[in-house]
Each structure stands twice: as structure tokens, then as C-alpha cells.
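**Q** Handing you a structure now.
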Amino acid sequence: MNLNEYASYDGIGLARLVAAGEVSATELAALAIDAVQRVNPQINAIIEHWSPTVTKGTGPLAGVPFLIKDLAITSAGRRNELGSRLAQGLVAESDSYLMQRFNAAGLATLGRTTTPEMAFSTETESTLQGPTRNPWDARLSAGGSSGGSGAAVAAGIVPLAHATDAAGSIRVPAAFNGLVGLKPTRGRSSHGPSLDEVFAGFGVQLGLSRTVRDSAALMDIVQGHAPGDPYYTAAPVEGFLAQVGRDPGQLRIGLLDTPWNGALLDPEIADATHAVALELEALGHKVERVNPPLGTSWESFVEANASIWCAALVRWIDGLAAATMRPIDVSTLEPATLACYAYGQQSRAVDFAGALEIRNLISRSVAHWFNDFDVLLTPTLPRLPHALDTYSLGADTMDGLQWTSRVFEHSPFTPVFNVAGTPAISLPLGMSCEHGLPIGIQFASRFGTEDTLLRLAGQLEQALPWDERRPGIWVGDY
């Protein structure tokens, strides 16, 4: 097998070759390492790679090369630096519960992907790791905070990679890089044992892939409760992979094309969103333009998130400083992170309690939306990828609330579903003719209904296929 053949398969396709004895997991790992060495210098998506210990494992992704994000997951004996100079050189003592599940499934983990510092951004350009470049146009951002995973998968280095999402960090790089990005329901998988709720339950973990079935298979791997987890969400009896290819039935789909902050859409993104709405109607679904209430003002929504995120960041940073014996200042942290740390230090317990009240208002409001429709359709992002070195301009003059506002203004359609805990998926259903870039379309549904999203996603993958699209930087060209 050569790199062109390797990159033509998704994860399930590669695993089936391994199961049939047509290729070994060791051979696939060697191909993936070759891909890293050839392509990663152009995109800077992978900060460390190694020869994986290949285990037999079981399941539909056994033997498949895999990458983990440098945050929220730990692999014993491997560095865990969170994109920060403050944590540089820290080595994990043990596997987190999620890492254990990846290993048990036979995924061949061979490296760590880049992340912005502490994942507090929707782009990936840390001082420690440098900018991650978009394989569709290396002058542009790959998104964040799972930008390294997104760029690596889009370039064909691996068919899928681990990712996290607390405000859009799976769906943003999915949109920028032309991938499938599924944000699971709260409680779908474990952050343990060292982490519990992650930003009051806003954070979840799964991955990025090029096909709907790979994301569904990964959901089957990560699903399940671990000892001490604060949340648990039951899975369909048949599992998630079984949902792909099933008829979703006639769905009531609400179309929201104006975000809650009132931002204007790039015209090509608006056109792509409306084209998908027309395709859904052609498939027999009922689509109606809606304007569902957020439950609070956009300003109070952002402020509540800033209170929760920044307060949690203080504990995180203090722990890292104690572990590394490094100071908390400009020598170890970026300006935006320091601003959020200072904002969190000023936060009072009553502010945090008030933010949890906002979380409740949002959750109740979103739950009521799905009495009127089954799925909400939105653009994933209002704009196309931005140029590198522009996102953080002016960060040195911002406080933590202003930085949080910038993050949320960049991705206003995504964080609502983190606060509500409901599932959402970004699919690469559009293309910018002018710029040659993918356009992501987001679908969200009621709590615990990833099965609905996967059935619909599978239907759209057949109706509006994206599997033949290739970025300018692609492993298969070597």
C-alpha cells in the first residue's frame, strides 16, 4: 500500500483491510508516520509523534492510525502540555479513562496535535507550538481549538483524530477544514479521572473525521459512564454506527440563518446554507425559517461563559504552575490567557452561581425549541477562515470578558449547544467557489439524540457527497 491508497480510505475502510489480513496495523502505522514526516512541516498540526504500540483491539476501528489532542486526555509516559509554555515538558503518569477506551478499541495512537493555549480560542496559534495551517490554503487558520487534529485529518495524515469541544472546538475546525465534526451530548463520555465536568459541563470529547460513519464508530468507542462521573447519557441499544444509513424519516427542520449576536453572514455561507435547506426539502423534510429565543441577552450569555471559563482557568493554571515551579506571567502565558486568569481571580462565588443560573435558562430554552422542530439547521460559522496572525491582534489590551467575547463573536452559532449540553454536528456540505474553501453546515437536536443527527448526516453524505474533494496539501499526492 502506498500513501495515495492509504489516504483514500476512511478509518472503517482501513480497519476492514486489517481484519481481512490485506494489510497489517504495523504497516498502517508506518504509512502514517511517513505521512507525518512528509506533510506536517507544511501545516504544523502534530507537535510530537512516535511509533505506536499496536494492539489487536476489537471493533470497527481496530488498527487505525490515530492522534490525540494535546489537552484534556492523557497517555501514560507522554507529554501533556496544553499548548502552553507553563506546562512545557509535563509528562502524564497514567492513561485517562478516554485514552483507555481508545487503546482497548485498537486505535494506534502515534502522536499529539496542536491546540491554542488552554484551548481558549477558536484558532490554533500558540506561542509554544506555532501556527497550525489550513491544508486548503496554508495562509489561513485551521480553526480551533482542535485545529491540529482538524488539519491532520484534512491533509490525510490520519483518517480521524481526537478532539474536544467546549464552545465549538470540534465544529469550528470541521468547518474550516472540510470535515465531519460531531459534538456529543453532555455525559456521553468520561473526562476522568483527573477532570470532572470541564467548564461546568460545557466541554465534551470525541474527534474529527472525513466520514459520518467514522465519527459514529468513534462515538461507540467513547460512550459510557466511568466511576465518579457527574453525568451519564445512555446510548441507543443498537449503538451509533448502526444509525448511519438508516432512513431518518420526515424531520421538522428549523432554519436559523442569523446568529443570536446579529452578525452578518458571508454571502457564500448564506447561499450554501439556503442550498442545503432546499436539498432537505427535496429529500422530503419540512424546513421552516425560525428565530428561537436564546433565553437571555447575548451579552449576559457571553458574560456567564466568561465567568465559568475564567474561574476554571485559575484553578487549572495554578495547578500547572505548582507542578512546573514556573511563574504565572508573560514568560509562561500569552496575553489573552493572562487576561482571562486575572478576570477569573476577580470572580466571586456569587458571580459563578449567577452564571449557572444563565446555564439553566439556556438549557430550558433550547429544550423547548425541539417541541417545535426536530433539528435546527444553521451555518457552522458566519465567515470563511481568517488569515493567520490576525485573530489575536489587540489581545494585549483586553480583559478576560473582552477576549471571551471575541471568541464567541467568531463562532456565534456553536456555544449555545455546549451550554445546553445538546448534540450538534458540522458537515462539509458547501464550497466557496470564489476561494476554493469548504463551508460547514451545523445541525443540532434535542438532548441525547445523536442518532437523529447521524441518520440525517448519513442521508446528506449520500445526497451531497464530499468524499472526492481534496485540499491543496494532501498526503495522497506523495
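Where a number appears in this text, it was derived from the coordinates with a stated rule and is not lab data. In this text, all values refer to a predicted model and were calculated from it rather than measured experimentally. Heads up, the Cβs are rebuilt from the backbone with ideal geometry, glycines too, and the neighbour counts pull from every protein chain shown.
**Q** Name the trypsin sites (Lys or Arg not before Pro) in region 170-273 that are in a loop by DSSP and that have at most 15 other C-beta atoms within 10 Å, would you?
**A** Sparse-neighbourhood loop trypsin sites (Lys or Arg not before Pro): ARG246.
**Q** Starting at the first residue of region 4-16, write each ³J(HN,Hα) from the Karplus equation 6.51 cos²θ - 1.76 cosθ + 1.60 with θ = phi - 60°, in whole Hz, x for Gly and Pro.
**A** After applying 6.51 cos²θ - 1.76 cosθ + 1.60, I find 5, 5, 4, 6, 7, 9, 8, x, 4, x, 5, 4, 5 Hz.
**Q** Give the dimensionless ratio obtained when the Cα radius of gyration of region 59-147 is divided by 2.2 N^0.38 Å.
**A** For region 59-147, the normalised Cα radius of gyration comes out at 1.14.
**Q** With 10 angstrom as the radius, rank CYS433, CYS310, CYS340 by how many other C-beta atoms surround their C-beta, starting from the fewest.
**A** In increasing order of surrounding Cβ atoms, one gets CYS433, CYS310, CYS340.
**Q** Sticking with this structure for a sec: How big is the gap, in Å, between the Cα center of region 287-344 and the Cα center of region 173-237?
**A** 21
**Q** Continuing with this model, one more query. Which whole-number percentage describes the relative contact order of region 3-477, with Cα contacts under 8 Å and a sequence gap of 6 or more?
**A** 19
**Q** Taking the Cβ of each residue in LEU90, LEU376, LEU278 as the centre, tally the other Cβ atoms inside 10 Å and list the residues starting with the fewest.
**A** Going from least to most buried by this count: LEU278, LEU90, LEU376.
**Q** Cross-link candidates for LYS69: which lysines have Cα within less than 30 Å, leaving aside residues fewer than 8 places away along the same chain?
**A** Here the lysines satisfying the reach criterion relative to LYS69 are LYS56, LYS183.
**Q** Here is a follow-up. So what are the ³J(HN,Hα) numbers for region 195-202, from phi and the Karplus equation (6.51, -1.76, 1.60; θ = phi - 60°), rounded to whole Hz, Gly and Pro as x?
**A** Couplings: 10, 10, 7, 6, 6, 6, x, 6 Hz.
**Q** Also, quick follow-up: For ASN44, enumerate residues with amide H under 5 Å from its amide H, sequence gap 5+ or separate chain, H modeled in the peptide plane.
**A** It is ARG133, by chain and number.
**Q** Each residue of region 436-450 in order: what ³J(HN,Hα) in whole Hz does its phi give by Karplus 6.51 cos²θ - 1.76 cosθ + 1.60, θ = phi - 60°, with x for Gly and Pro?
**A** The phi angles translate into x, 10, x, 10, x, 10, 9, 10, 10, 9, 5, 3, x, 10, 4 Hz.
**Q** Per DSSP H run of n ≥ 4, the term is -39500 (n - 2.57); total these for the chain, divide by its residue number, and report the mean residue ellipticity at 222 nm rounded to 500 deg cm²/dmol.
**A** The helix contribution divided over the chain gives -11500 deg cm²/dmol.
**Q** Only sites in a loop by DSSP and with at most 12 other Cβ atoms within 10 Å count here; which trypsin sites (Lys or Arg not before Pro) in region 38-75 make the cut?
**A** LYS56
**Q** List MET219, MET325, MET398 from most exposed to least, where exposure is judged by having the fewest other Cβ atoms within 10 Å.
**A** MET325, MET398, MET219
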